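Beneath this line is the structure, given in structure tokens, with notes to follow.
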């Protein structure tokens, strides 16, 4: 019997497993009639999951946690039974800002610490001269983009709330805003960084992978009550997406995947730009040569689809750090209950695939943060 | 799509504006890039006696407009990617009274559902009594639904017109190439459609395409 499932998504590179699940038949294999609906804003994704238009959605990891905690909107418990990959974001700045940063010691492809130190000089200089503050955009307040950008800035002694301005802009408007000097930089998923470089308006400064080697990104999110009512559908979705992500991971399939994503009903971007992210080979500067960024976007390998509870806890630690919520001891149970490795394990049981033994992991070298800091989920608010 | 201007002032260190005098004239701001749809809602609200209605169509200086109008209720169409921008402005800005996503209270999911179905997002200033805005929200939902229906009808009418044109062209081709009368050409098309279990317009389209290829 086929079960129909409707899943919302935002046109970004990491909707790849969803597109592959439909196009390569992984959903059909699991008896799912999977319908994907393209959306224009994260707020719509949230609302349409909440009211039941969508059974599940391509969701920002922190968005699932924020909804479960009830920050900024209705408190609706969301669960994430599978992650949709690791990495895939970058920070891009305008050509003008890049030139100043380069004069202050930044270099194409250099590590985030060096780039951050250069930016720190520019920010201090502007403050001294009374020039307007730099403006950086990200895509949503509860997003890995917001937290990665803030992490990088703060590590360079730039206070993201005092020394620069952070604004939200939807991905399709970022490149134009950069071109028209309304913003000085942004943090977003692919293919938008590559597009900015390709049309000659920006330079990629650093990547999510460089900031946090195994940095989490999107998840499949659905309402807790929907997951409880439809355990078979959840299981089928997790298996279909797991297999789809494995398919996306295989180098042999990347070209085909890029062509699928290039279609207007998915991402609608040129194949060669999508290939940069898919092959972890980014062009950092207009007319520059491609550079390999190890593990820039990882759909499946190294447990990239595993919904680590420690990821949910890290997001929570950042919500507290940036004063989006006041820490309360009772939050921790809610946060942990959002990411559901138990559902992931149960769903994948029939596939006999290797699974991580634990539900959390300590984030540290070699998969940790560029500044050498550690995140211990046993004590999430320590830092 | 016009890029958004980043020039909104975020008076981070400013104080909260003073409570404005109580008045029954609720201030309503409509953010909609579709000129017609925005007007449909605006008209409805004016007819219902709400005189303080402002429609914002271009996204430039959105924050400025919000500050100037100090609305109690804000509507935004859900096709608008700037919805995320709007929500963040409410979260970070200290200079507008905090509008919150419609009814942050679980008992109102029906209302939220109706609004999302209709394609409109609503934000209501925190603390505003629910009874005062219920009728406005209902109005927005019904007007957006009416507009969607109207748009569907227009699209269907346009599609029907396009189909009629294709059939006319296919008839013309048959009349010219096969020396048929108009009635015979139409009968042939209809028979083919019935035999192949396809719509008349589809058969007509394939004739037009074939004729173009064989030219």
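Listing for the model above:
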item: Yes/no for residue A:123 being under 30 Å from residue A:243 (Cα atoms) and either in contact (Cβ under 8 Å) with a residue 40 or more places away in the chain or more than 14 Å from every other protein chain (Cβ to nearest Cβ) (or both); result: no
item: From A:78, A:91, residue being in contact (Cβ under 8 Å) with a residue 40 or more places away in the chain and farther than 30 Å from residue A:256 by Cα; result: A:78
item: Number of the condition not met by residue A:376 [criteria: (1) over 18 Å from the mean Cα position of the chain (by Cα); (2) under 25 Å from residue A:9 (Cβ atoms)]; result: (2)
item: Residue among A:187, A:248 that is surrounded by 24 or more Cβ atoms within 10 Å (Cβ to Cβ) and either within 14 Å of chain B (Cβ to nearest Cβ) or not in a helix (DSSP H, G or I) (or both); result: A:187
item: Where residue A:142 falls short, out of the listed (1) more than 9 Å from chain B (Cβ to nearest Cβ); (2) closer than 17 Å to residue A:100 by Cβ; (3) not in a helix (DSSP H, G or I); result: (2)
item: Selected residue (only one of A:293, A:298 is touching a strand residue (DSSP E or B) at 6+ places or on another chain (Cβ under 8 Å), farther than 28 Å from residue A:346 by Cβ and touching a residue at least 24 places away in the same chain (Cβ under 8 Å)); result: A:293
item: Helices (runs of 4 or more DSSP H) wholly inside segment A:1-98 that include at least 1 residues being within 22 Å of the chain's Cα centre (by Cα) and assigned by TED's automatic domain parsing to the domain that holds residue A:233; result: A:16-23, A:42-50, A:61-69
item: Qualifying residue in segment A:33-42 (condition: within 14 Å of chain B (Cβ to nearest Cβ), more than 21 Å from residue A:242 (Cα to Cα) and free of Cβ contacts under 8 Å to residues at least 60 places away in the same chain); result: yes
item: Conditions (1) surrounded by 23 or more Cβ atoms within 10 Å (Cβ to Cβ); (2) farther than 29 Å from residue A:349 by Cα; (3) touching a strand residue (DSSP E or B) at 6+ places or on another chain (Cβ under 9 Å): number failed by residue A:286; result: (1)
item: Any hit, segment A:9-26, residues being crowded, with 23+ Cβ neighbours inside 10 Å and within 12 Å of chain B (Cβ to nearest Cβ); result: yes
item: Subset tally (residues that are free of Cβ contacts under 8 Å to residues at least 40 places away in the same chain and in contact with a strand residue (DSSP E or B) (Cβ under 7 Å, 6 or more places away or on another chain)) for segment A:4-32; result: 2
item: The one condition in (1) farther than 27 Å from residue A:313 by Cα; (2) in a helix (DSSP H, G or I); (3) without any contact (Cβ under 8 Å) to a residue 60 or more places away in the chain that residue A:196 fails to fulfil; result: (3)
item: Selection from segment B:85-107 of residues that are under 25 Å from residue B:142 (Cβ atoms), at pLDDT below 60 and more than 9 Å from chain A (Cβ to nearest Cβ); result: B:107
item: Residue match in segment B:46-55 (condition: within 11 Å of chain A (Cβ to nearest Cβ) and outside any loop (DSSP other than H, G, I, E, B)); result: no
item: Condition met for residue A:103 (more than 12 Å from chain B (Cβ to nearest Cβ) and free of Cβ contacts under 8 Å to residues at least 24 places away in the same chain); result: yes
item: Residue list for segment A:159-180, filter: more than 9 Å from chain B (Cβ to nearest Cβ) and more than 21 Å from the chain's Cα centre (by Cα); result: A:159, A:163, A:164
item: Selection status of residue A:198, surrounded by fewer than 20 Cβ atoms within 10 Å (Cβ to Cβ) and at pLDDT below 95; result: no
item: Residues of segment B:53-72 classified as touching a helix residue (DSSP H, G or I) at 6+ places or on another chain (Cβ under 8 Å) and either over 27 Å from residue A:177 (Cα atoms) or without any contact (Cβ under 8 Å) to a residue 24 or more places away in the chain (or both), total; result: 2
item: Every residue from segment A:338-364 that is touching a residue at least 60 places away in the same chain (Cβ under 8 Å) and surrounded by fewer than 16 Cβ atoms within 10 Å (Cβ to Cβ); result: A:346, A:350, A:351, A:353
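Here's the yes/no breakdown for (1) outside the structural domain of residue B:144 (by TED's automatic domain parsing); (2) under 20 Å from the mean Cα position of the chain (by Cα); (3) buried (at least 19 other Cβ atoms within 10 Å of the Cβ); (4) at pLDDT 85 or above:
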| site | (1), (2), (3), (4) |
| --- | --- |
| B:21 | yes, no, no, no |
| B:65 | no, no, no, no |
| B:71 | no, no, yes, yes |
| B:83 | no, yes, yes, yes |
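For (1) crowded, with 22+ Cβ neighbours inside 10 Å; (2) at pLDDT below 95; (3) within 12 Å of another protein chain (Cβ to nearest Cβ), each residue gets a yes or a no:
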{"site": "A:7", "(1), (2), (3)": "yes, no, no"}
{"site": "A:30", "(1), (2), (3)": "yes, no, no"}
{"site": "A:54", "(1), (2), (3)": "yes, no, yes"}
{"site": "A:77", "(1), (2), (3)": "no, no, yes"}
{"site": "A:80", "(1), (2), (3)": "yes, no, no"}
{"site": "A:84", "(1), (2), (3)": "yes, no, no"}
{"site": "A:88", "(1), (2), (3)": "yes, no, no"}
{"site": "A:96", "(1), (2), (3)": "no, no, no"}
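The values are calculated or read from the model by the stated rules, or taken from the named source; none is laboratory data. Just so it is clear, the model here is predicted, and its values are computed rather than measured. In this analysis, Cβ positions are derived from the backbone assuming ideal geometry, glycine residues included, and neighbour counts consider all displayed protein chains.
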